[in-house]
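Okay, so here's the structure we're looking at.
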Amino acid sequence: MGENGLGKNQGGFTSSFGAIAAAAGSAIGLGNIWRFPYTVGQNGGGAFLLLYIAFVFLLGVPIMMSELALGRRSRQDAVGAFHVLAPRHRSWMFVGFWGVLTTFLIYSFYSVVTGWTLDYVVLSCQGGLADKSPAEVSQAFTDFSTGTFWPILYQVIFLVLTALVVMLGVQKGIEKTSKILMPVLFVLMLLLCVRSVTLPGAGEGLDFLFRPDFSKLTGTAVLSALGQAMFSLSIGLGVLITYGAYVRKEDNLFKTSVIIASADTLIAILSGIAIFPAVFAFGMSPASGPSLVYEVLPNVFNSMAGGQIFAIIFFVLLSIAALTSTISMLEAVVAYVMKRFHMRRVPAVICITGLLLVTGIVCTLSFGPLSNVKILGQSIFGFLDMLTATYMLPLGAIGIVAFMGWYYAKSEARDELTNGGLLKARYFSVYYFIMKYLAPVALLAVLIAGIFGFGG
Ligand code: PFF
């Protein structure tokens, strides 16, 4: 099986560390530093954080292991994997297709935020945010994001950059850059945390983040925590099925998944610690939504000695973190399109990027000229963000869990996760119990609670 598959044709990852770096590169991105804090902010803080962590380790890790296993077993893209592993039941391919569609939609709004990030690189190089009051910083963000020319220009640059890397093939450039730059990002986050928690009035922010108040947990908040966990780990979409196709046979998928989930969670919590104390210290609202990080962090930099240098390094690294994530999204869609339409890599990348230019620019314009267009009371950007992360991701995860827990042979799953019996893998029975019973029940319960609004 899989001799004509992805890993073989394109050259897979060259080491376990390379695989971890690439998958962690996909997981760690704007989801941790931009989306996590504002989602925590909108959902009441500490209780949300606890739930989030529970979802990451109880459901996220087993689902990540499953995706990597399905990819490595089949050596196929997200759709092809189901085709190969369930040859007599074609309808399973729908799960893969759902994932590809969700990935495309996520990339459409994500690319808007990559554009903002790039703009902040330029702004901090010019010192454009230095010496501004918190109100002026917020105003500068609004002026920029509601415009047309600049946000679109930076967005297009980012889309093209991603396309170029994916055209070249992922492994060389990205494996290497992620390995070096992710640790630097981590150190910088630590530094920001130290500055933020020593701001006057910071305690309130730490309270908000770490003191759970379960009365604030509504059904929607629980569903948002689940969606955020999946968004942040890049699971439920088949992106990691695609990456799994590049993973070496001898790698330990359990270890790989635990390392990625831990690193991802650590970065998310660090960005919470960097942001919430500052939110309260500067008298802002934690529930202000997608603009939160871009309005808060410049103030933290402004209050540091040498803040401008740190700001530049930070936004450069954030752009790189975002790039390793957008690469994985584009790669997953491109791998599918290449297979499905018998296209070569470069034309496939050009076609998908062309489509993304349209959907992505519409999302950018939804902050400015299209801000009057509302879907279910939200802007196009807000609607897509909610639709994909909160609803489509958990639904996609249900498909993957159903496949692994109820359709796919247990012996095959065990074989793949224990590397043909070479690994001891005592955790397998726990893993399998989660996939068969706990995950389907939990996912369904959370979806129903979220959709019908239990508890609020
Ligand atoms: N996990 C990425 C982040 O946290 O920024 C976002 C992401 C990447 C979502 C890849 C989906 C995906 F397929």
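Sub-8 Å Cβ pairs linking a first residue in the stretch 211-233 that is under 26 Å from Ile398 (Cβ atoms) and within 11 Å of the ligand (Cβ to nearest atom) to a second residue that is open to solvent by less than 10 Å² (accessible area, probe 1.4 Å) and not in a helix (DSSP H, G or I), at least 6 apart or interchain, are Met230/Gly236, ordered by first then second residue. Scoring Ala19 on the criteria (1) more than 14 Å from the ligand (Cβ to nearest atom); (2) surrounded by fewer than 22 Cβ atoms within 10 Å (Cβ to Cβ); (3) assigned to a helix (DSSP H, G or I) leaves a single failure, condition (2). Taken over the stretch 288-316, residues that are out of contact with any Ser or Thr (no Cβ under 6 Å at 6 or more places or on another chain), within 16 Å of the ligand (Cβ to nearest atom) and open to solvent by less than 10 Å² (accessible area, probe 1.4 Å) amount to 4. Evaluated against (1) of a type in the set (S, T, N, Q); (2) outside any helix (DSSP H, G or I); (3) farther than 26 Å from Ile380 by Cα, Ser285 falls short on exactly one condition, (3). Of all residues in the stretch 22-48, those satisfying the criterion of being within 16 Å of the ligand (Cβ to nearest atom) and of a type in the set (A, V, I, L, M, F, W, C) are Ala22, Ala23, Ala24, Ala27, Ile28, Leu30, Ile33, Trp34, Phe36, Val40. Restricting attention to the stretch 406-447, the residues that are open to solvent by 60 Å² or more (accessible area, probe 1.4 Å) and touching a helix residue (DSSP H, G or I) at 6+ places or on another chain (Cβ under 8 Å) add up to 8.
The values are calculated or read from the model by the stated rules, or taken from the named source; none is laboratory data. As the structure is a computational prediction, the values presented were derived from the model and not from experiment. Reconstructed Cβ throughout: ideal geometry from the backbone, glycine too, with neighbour counts over all protein chains shown. Ligands, DNA and RNA are stripped out before the accessible areas are found, and what is left, the full protein with its side chains, is counted by its heavy atoms. Shrake-Rupley method; radii C 1.70, N 1.55, O 1.52, S 1.80 Å.
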